[in-house]
Structures are given as C-alpha cells and as structure tokens.
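Engineer: I'd like to ask some things about the structure below.
Throughout, read-outs are computed from the coordinates displayed, never taken from laboratory work. Nothing here was measured: the structure is a model prediction, and the numbers come from that model. Using ideal geometry, Cβ is built from the backbone for each residue, glycine included, and neighbour counts are taken over all protein chains shown.
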Amino acid sequence: MSGGPASDRPAHGGAVVGGDGLARPAWASTDPLLRDYYDNEWGLPVTDEQGLYERICLEGFQAGLSWATILRKRPAFRAAFAGFNPDAVALFTEADVDRLLQDPGIVRNRLKIRSAVANAQATLALRQEGGLVEFVWQFKPTDTPRPAVHTDIPTESPESVALSKALRKKGFSFVGPTTMFALMEAIGMVDTHLLDSHRRGSSGIWPQPHA
C-alpha cells in the first residue's frame, strides 16, 4: 500500500498532514495501528528494565520483517514471553523454545526465541553492574539528527555501533548496529522525528523550539 487517504497531503519537509491536521512521517500516516504507536509510544523515553528488555527483544524479532508485523503480534509476544519479565524468561528451557515454535501468534524463529532467553539471562547479569537501563543509556549521543525528509535519517551511528558491540560482549544477540539504532530511535535516545512532525521534540530529551 502506498500513499494515504485523500485528506492526507504533504507538509513542508516531507511529513504528511492527516485529516486530523497533524503531520507525521509517511510510515505512520495511514495504518491506524502504526499511527497510534507513533503518536503515543515511539520516541518516548523507556527507562525501566522490563520495558527496555522487551524493546530489545522485539527489535531483534523485527530483523528482516516489518515493524507493523511485530506490532500486530505484540500482544501474543507478551503472552508467550511472560510479559517480557526477564526473571521469568531467563528460566525458559529448550522445551519452552520448542513450545514457542508452535505458537502461531509470534515469529517462530528458533534463533530469535533463544536470543530472547539469552537476553533475559544477560539482563539479570547486568544487575551486578548497575542494570540494563544504565548500561544502554550511557550510549546516548551528545546530539541528535534533524531530518527534514526520511532520507536524512541515518540507519546507524557511532553510538549504535558501540552499543551493539557492548551488548554482544555481555551476552546479548540480535543487537546489530542498525537494530540498535532503531532501538535508540524508539526509546528516545535520538530524535529522528521529521522536523515538521507534530512529535518532534516530544521526548523531552531533545527539545526543538519552533522558530
């Protein structure tokens, strides 16, 4: 599907103004689920262990797929992975992996399911070093992109490369540099909202005063 409803029209700078008068990127301008996610979740700070562990896992499951697919399956993922409670998932066995491979509600990929378990165990281990949240957020950059159009948005950064390497050393997997940059966008560590989007600066971390 391309384009949007007739009421949608381009805004200056590449965003799309919807029938509600709000400007969003094209990816969030048509699908109601993606629009709600963009308006209410994407780019807002995630600073709790369970929430951050969930985001890391879902970004890993997304590799090679669309985020819309993961978002539609998120309720099933949460049911399958004990609400992404790392204490619970860390105890999953190979029998649990086999069980989850039969669950049609999630992405049935053995390596990704095992990764979620290993990532839970790595999350618990990081509690001895200040915790997952502190570990991830130390890679927050000193500046953020200011994209006018979608093509201005990078797919990785020096910080996402460093975060990827650091997490891998701690036992995490499916945390490549591109995946970690997507995580950084999703949790507000960088602000890649288009300059004309109604969400630009909404994280409170990267305020963007209007000229």
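Engineer: What 222 nm value per residue comes from the helices of the chain, counting each DSSP H run with n ≥ 4 as -39,500 (n - 2.57) and dividing by all residues, nearest 500 deg cm²/dmol?
Structural biologist: On the way: 9 runs with 93 residues, N = 211.
Per the formula, -13000 deg cm²/dmol.
Engineer: Right, another one. Just going by the charge dipole of the chain, with Lys and Arg at +1 and Asp and Glu at -1 on Cβ, which of Phe139, Leu71, Gln102 is farthest out on the positive end?
Structural biologist: Most positive-ward Cα: Gln102.
Engineer: Cα-based count: Lys pairs in the chain below 20 Å, eight or more positions apart or different chains?
Structural biologist: On the way: Lys73/Lys112; Lys112/Lys165; Lys112/Lys169; Lys112/Lys170; Lys140/Lys165; Lys140/Lys169; Lys140/Lys170.
Count of close lysine pairs: 7.
Engineer: Right, something else. Taking only Cα atoms and a 10 Å spring cutoff, compute GNM fluctuations for the chain and point out the largest among Asp103, Asp143, Asp20.
Structural biologist: Greatest mean-square fluctuation among the candidates belongs to Asp20.
Engineer: Between the range 119-169 and the range 42-79, how far is it from one alpha carbon centroid to the other, in angstrom?
Structural biologist: Cα centres, the range 119-169 to the range 42-79: 15 Å.
Engineer: Sorting check: for 31-43, 111-123, 189-201, 156-168, which peptide has the highest mean count of neighbouring beta carbons within 10 Å, and how do the rest follow?
Structural biologist: Order by mean packing, descending: 189-201, 111-123, 156-168, 31-43.
Engineer: Work out the length of the dipole vector of the range 49-186 about its Cα centre, built from +1 on the beta-carbon of each Lys and Arg and -1 on the beta-carbon of each Asp and Glu, and round it to the nearest 20 debye.
Structural biologist: 300
Engineer: Among (i) 0.99; (ii) 1.03; (iii) 0.93, which one is Rg/Rh (Cα atoms, Kirkwood Rh) computed from these coordinates?
Structural biologist: (i)
Engineer: Turning to a different aspect of this structure: Quick one: P(r) of the range 127-201 from all Cα-Cα pairs, 10 Å bins, percents rounded to integers, in order of increasing distance.
Structural biologist: 19, 50, 24, 8, 0
Engineer: By Kyte-Doolittle mean hydropathy of at least -1.0 and Cα axial length of at least 15 Å, which whole DSSP H helices of the chain are selected?
Structural biologist: Helices meeting the span and hydropathy rule in the chain are 49-62, 67-80, 110-126, 158-169.
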